[in-house]
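The values are calculated or read from the model by the stated rules, or taken from the named source; none is laboratory data. Not measured: the values here are computed from a predicted model. Cβ atoms come from the backbone with ideal geometry, glycine included; neighbour counts cover every protein chain shown. Quick note on the areas: whole protein, heavy atoms, side chains included, nothing else; ligands and nucleic acids left out. Shrake-Rupley method; radii C 1.70, N 1.55, O 1.52, S 1.80 Å.
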Amino acid sequence: DRERLSRELAEALALADREGWLADPASYHGKPPPLEKVSRVSRRAAGLGYEEIAFESGYVPHEGEPGRARWQSHTRNRIAYARCLRHAGPPRPWVLCIPGYRMGHPHVDFVGFRARWLHQDLGLNVAIPVMPLHGPRAEGLRSGDGFLTGDLADTLHAVAQAVWDVRRLAGWLRRDAGAPALALKGLSLGAYTTGLVAGLEPDLDCGAVERGGELE
């Protein structure tokens, strides 16, 4: 696939230059519409009861972007998910934990983010989205297959969709879940996504990324 990969990369670079995305990278990321229709299912994993929400992602690559049709062919990826740990009673701050590469399963995510500690010890509400092509959105043998393969057009769409989905979820947590404060916490690939979202959403109350076991 080397010739195709090289051709798509050159086409993507030329398109980004023409559209002004290289000069203004934030303009590449369109503002997603408010999230209105959400389904809810009660589940349990790692000794924690949680609510799994699902919604139509709605992300579509820009017209003319290389790999656009290929990305849209991933039908399972069109539905976005998030696992939520919510306290009863008055509204509480939410922490939106963005997973790393190969995560996406509740047992892995709850342990990786110390969800029990965040939820029960610190008293926070917790939301953990599923990244594109991960968990129930996966279309390969493993969670995350197709996200980081050297196919740069697909990786671009994967990251752009992750940012899109997190922004939609953040808006829903503020508006419909009554979040009085909202923080992002990213791990590995999720730390990169956290940085991108923080650059596009100035109203976030806090952002933290984990590197080498330390929070920054």
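Which semi-axes, in whole Å and largest first, does the equivalent ellipsoid of segment 98-216 have when worked out from the alpha carbon gyration tensor as the square roots of 5 times its eigenvalues?
23, 17, 14
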With axes computed from alpha carbons, what is the tilt in degrees of helix 189-200 against the longest principal axis of the chain, rounded to the nearest 10 within 0 to 90?
-> 80 degrees
If you stretched the chain out fully between residue 149 and residue 54, how much longer would it get, using 0.36 nm times the residue separation minus the C-alpha to C-alpha distance?
-> 31.6 nm
Evaluated at 4 °C and 1.567 mPa s, the Stokes-Einstein D of the chain based on the Kirkwood radius over Cα pairs, in µm²/s, stands at 73 µm²/s
Among 194, 67, 169, whose Cα sits farthest toward the positive end of the charge dipole of the chain (+1 at Cβ of Lys/Arg, -1 at Cβ of Asp/Glu, about the Cα centre)?
-> 169
Rounded to the nearest 20 Debye, what is the dipole magnitude of segment 118-196 about its Cα centre when Lys and Arg each give +1 and Asp and Glu each give -1 at the C-beta?
-> 300 debye
Note: residue 13 to residue 76 extended length (0.36 nm per residue) minus current alpha-carbon separation gives 19.9 nm
Contact order relative to length of the chain, as percent, for alpha carbon pairs under 8 angstrom and 6 or more apart = 21 percent
Place a +1 charge on the Cβ of each Lys and Arg in segment 1-61 and a -1 charge on the Cβ of each Asp and Glu, then give the dipole magnitude about the Cα centre in debye, rounded to the nearest 20.
-> 320 debye
Rounded to the nearest Å, the spacing of the alpha-carbon centers of segment 1-78 and segment 176-190 is 19 Å
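At a 1.4 Å probe radius, carbon and sulfur cover how many percent of the accessible area of the chain?
Carbon and sulfur: 54 percent of the exposed surface of the chain.
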Just from its helices, what would the mean residue ellipticity at 222 nm be for the chain, if runs of 4 or more DSSP H residues each count -39500 (n - 2.57) and the sum is divided by every residue, rounded to the nearest 500 deg cm²/dmol?
-> -9500 deg cm²/dmol
Count the net charge of all other residues whose Cβ sits under 10 Å from the Cβ of residue 74, scoring Lys and Arg as +1 and Asp and Glu as -1.
-> +2
Per residue convex hull volume, Cα atoms of segment 26-111, in Å³ | 157 Å³
In square angstrom, what is the accessible area per residue of the chain with a 1.4 angstrom probe?
-> 50 Å²
In whole Å, what is the distance between the alpha-carbon centres of segment 133-147 and segment 110-129?
-> 24 Å
For segment 62-122, listing trypsin sites (Lys or Arg not before Pro) in a DSSP loop whose Cβ sees at most 14 other Cβ atoms within 10 Å gives 114
Taking only Cα atoms, what is the 0 to 90° angle, nearest 10, from helix 2-19's long axis to the longest principal axis of the chain?
-> 80 degrees
Expressed as an acute angle from 0 to 90° and rounded to the nearest 10, what is the orientation of the C-alpha long axis of helix 152-175 relative to the principal long axis of the chain?
-> 30 degrees
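Within 10 Å, count the other beta carbons around each residue, average over each peptide in 55-62, 121-128, and list them highest first.
In descending order of packing, they fall as 121-128, 55-62.
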Given +1 on the Cβ of Lys and Arg, -1 on the Cβ of Asp and Glu, and no further charges, what dipole in debye does the chain carry about its Cα centre, rounded to the nearest 20?
-> 840 debye
